Amino acid sequence: MGKKYQLVMISLAMMFFLGQELKAQYTGGIGSGYASFSSGCFVQAPTPSYDQPFCEGGDLQLYASTIPAATYSWSGPGGFSSNEQNPLVTAAISGTYIVVANIAGCGSSIQVELEVVATPSVEPSVVIHAIPGSSICSGDEVTFVATINNGGATPTYQWYVNDVLQSGQSAQSFVSSTLNNGDYVQAYLFSSATCANPYPALS
């Protein structure tokens, strides 16, 4: 009389997904006991992505879609590697990043490539002009105006006199009546343009 098998584990679909061993109890015939066999193993391919825009040399946030019970391994340009699902790459460069998903007990893994493309950088610049001119008498009022390039939609500024930050002076112009002979004025431009470099720009 042949043996009859009855599955001990209930969730066959889950065992297949996790690649674990299934056991079946047999009865009848000669003797009784358990037989076991390994289920198949299916590793879903992760979907990789990254935050945009990405500026060359800046931070790059990578993402991989969630796969139940999976572990992740990333690699990329410049010797980058990480075992996090969603790693942050500092001082990143563009190129091909690879994420590998693996499930313990499976004999195989799935790797997916992600091509990361940097947003082109823009070069901001700032030049300052004095009104009425660079030669004034002590105590005279002088206005400094910043002429900028690639400042973006909402640029901001900092003004310095002799390397000392002038508190509260964040507009495109700076007015002073306390300058002395030999003083020098500088403006820093903080461009709001995407991927501005240098940041800030100095007059």
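Residues that are outside the structural domain of residue 155 (by TED's automatic domain parsing) and over 20 Å from the mean Cα position of the chain (by Cα): does the stretch 87-97 have at least one? The answer is no; no qualifying residue exists. When both residues are 6+ apart or on different chains and their Cβ atoms are under 7 Å apart, which pairs have a first residue that lies in the stretch 92-117 and is under 30 Å from residue 195 (Cα atoms), and a second that is of a type in the set (Ser, Thr, Tyr) and outside any strand (DSSP E or B)? The qualifying pairs are 116/94; 117/94.
When you look at residue 107, is it modelled with pLDDT under 95 and within 30 Å of residue 85 (Cβ to Cβ), yes or no? Spelling it out, residue 107 is indeed modelled with pLDDT under 95 and within 30 Å of residue 85 (Cβ to Cβ). I'd like to check something: does the stretch 123-145 contain any residue that is more than 30 Å from residue 95 (Cβ to Cβ), surrounded by 12 or more Cβ atoms within 10 Å (Cβ to Cβ) and of a type in the set (D, E, K, R)? Yes. For the stretch 91-104, the candidate set comprises residues that are more than 18 Å from residue 80 (Cβ to Cβ) and not β-branched (Val, Ile, Thr); within that set, the residue that is modelled with the highest pLDDT is 102. Residue count for the stretch 170-185, restricted to those that are under 33 Å from the mean Cα position of the chain (by Cα) and of a type outside the set (Gly, Ala, Ser): 1. Of all residues in the stretch 60-89, those satisfying the criterion of being surrounded by 14 or more Cβ atoms within 10 Å (Cβ to Cβ) and either among the aliphatic types (A, V, I, L, M) or out of contact with any strand residue (DSSP E or B) (no Cβ under 7 Å at 6 or more places or on another chain) (or both) are 60, 62, 64, 65, 67, 69, 70, 89. Checking each residue in the stretch 53-75 for being under 13 Å from the mean Cα position of the chain (by Cα), not in a loop (DSSP other than H, G, I, E, B) and not aliphatic (A, V, I, L, M) picks out 61, 63. Within the stretch 103-121, the set of residues being surrounded by fewer than 18 Cβ atoms within 10 Å (Cβ to Cβ) and farther than 28 Å from residue 55 by Cβ comprises 104, 105, 107, 108, 109, 110.
The values are calculated or read from the model by the stated rules, or taken from the named source; none is laboratory data. Here the structure is a predicted model, which is why all the values come from computation and not from measurement. FYI the Cβ positions are ideal-geometry reconstructions off the backbone, even for glycines, and counts take in every protein chain you see.
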